[in-house]
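To start, the structure itself, in structure tokens.
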Amino acid sequence: MAFDVRRLDIYRKVPRDLTQPTYTGAFISICCCVFMLFLFLSELTGFIATEIVNELYVDDPDKDSGGKIEVNLNISLPNLSCDVVGLDIQDEMGRHEVGHIDNSMKLPLNNGKGCRFEGQFSINKVPGNFHVSTHSATAQPDSPDMTHVVNKLTFGEIIEVKNVQAAFNALARADKRSSNPLASHDYVVKIVPTVYEDLKANQRFSYQYTVAQKEYVAYSHTGRIIPAIWFRYDLSPITVKYVERQQPLYRFITTICAIIGGTFTVAGIIDSCIFTASEAWKKIQLGKMH
């Protein structure tokens, strides 16, 4: 006798005339379909969306930079002439540059009474400082006014990270126009290396920073007040890495199968319980009538 493959069928079919539709079953079926559609759309949204996760590790991520960090500075001094404004750079490797002029521009403000300084320069990856001052001027002004607005200070390129609070330009719009005109300003900057990796594993390197600040009046050895705007920086050994991730297809399919199977199973149990209870109640009622 030939073996009937149909014996292996675990999804045996019940003839339609042996099934009994009910209003309760119809209601549960509709609710079941609506619930499954809601869960499916929720999972589909999560599957399409890109998740940003962050990691922390100790390393220098941009080893091809030659030990340099590009800096962009834009600062407005509304009460100090461009003739006396200059940028000085110092660090622990012995660099001491007074009156840096490469890739810099000074634009007059307030009919020449003020100045906006814009500069692009590189710093070494060691502790140091750069400061806006009148140190490079041939003749020092009598009362240099260091009230200012920091329009922009960035290290490396600004990376736009969606749904992530980043501090690539933490000093943007720092307004010190109401401070003491003869006061010096210290901005202590902690630079944090940052890496952004997209879904294709392409990496972009930049730097965020945190800042603390103080204001004080400084006197030279001659007793004269020569204020400046100092940006003292140091590098953090911790690197922040942002990674784009997307849910794998196999996990999405597994979740959808679990939603469909689980919803049908639970709905079937609920329908069976309600149907059994209603049938028992009918029998009780018929027993009372007889």
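The values are calculated or read from the model by the stated rules, or taken from the named source; none is laboratory data. Please read these numbers as outputs of a predicted model, since none were measured by experiment. Using ideal geometry, Cβ is built from the backbone for each residue, glycine included, and neighbour counts are taken over all protein chains shown. SASA here: full protein model, heavy atoms, side chains in, ligands and nucleic acids out. Shrake-Rupley method; radii C 1.70, N 1.55, O 1.52, S 1.80 Å.
A few comments on the model shown:
- Single residue of I260, I256, I284 found to be outside the structural domain of Q140 (by the TED database) and either loosely packed, with under 11 Cβ neighbours inside 10 Å or among the aromatic types (F, W, Y) (or both): I284
- Leading residue by the ranking (farthest from the chain's Cα centre (by Cα)) among those in segment 149-193 that are at positive phi and part of a loop (DSSP other than H, G, I, E, B): R173
- If you filter segment 58-111 down to residues that are without any contact (Cβ under 8 Å) to a residue 12 or more places away in the chain and part of a strand (DSSP E or B), you find that the one that is surrounded by the most Cβ atoms within 10 Å (Cβ to Cβ) is E97.
- Exclusive hit being of a type in the set (F, W, Y) and outside the structural domain of D64 (by the TED database), set Y187, Y250: Y250
- Of all the numbered requirements in (1) within 22 Å of Y57 (Cα to Cα); (2) touching a residue at least 40 places away in the same chain (Cβ under 8 Å), L153 misses one, and that requirement is (1).
- Checked against the criterion of being out of contact with any strand residue (DSSP E or B) (no Cβ under 9 Å at 6 or more places or on another chain), under 30 Å from T254 (Cβ atoms), among the charged types (D, E, K, R) and not in a loop (DSSP other than H, G, I, E, B), the candidates E43, E55 yield just one match: E43.
- Taken over segment 228-253, the criterion of being more than 23 Å from V58 (Cβ to Cβ) and either hydrophobic (A, V, I, L, M, F, W, C) or open to solvent by less than 50 Å² (accessible area, probe 1.4 Å) (or both) is satisfied by A228, I229, W230, F231, Q247, P248, L249, F252, I253.
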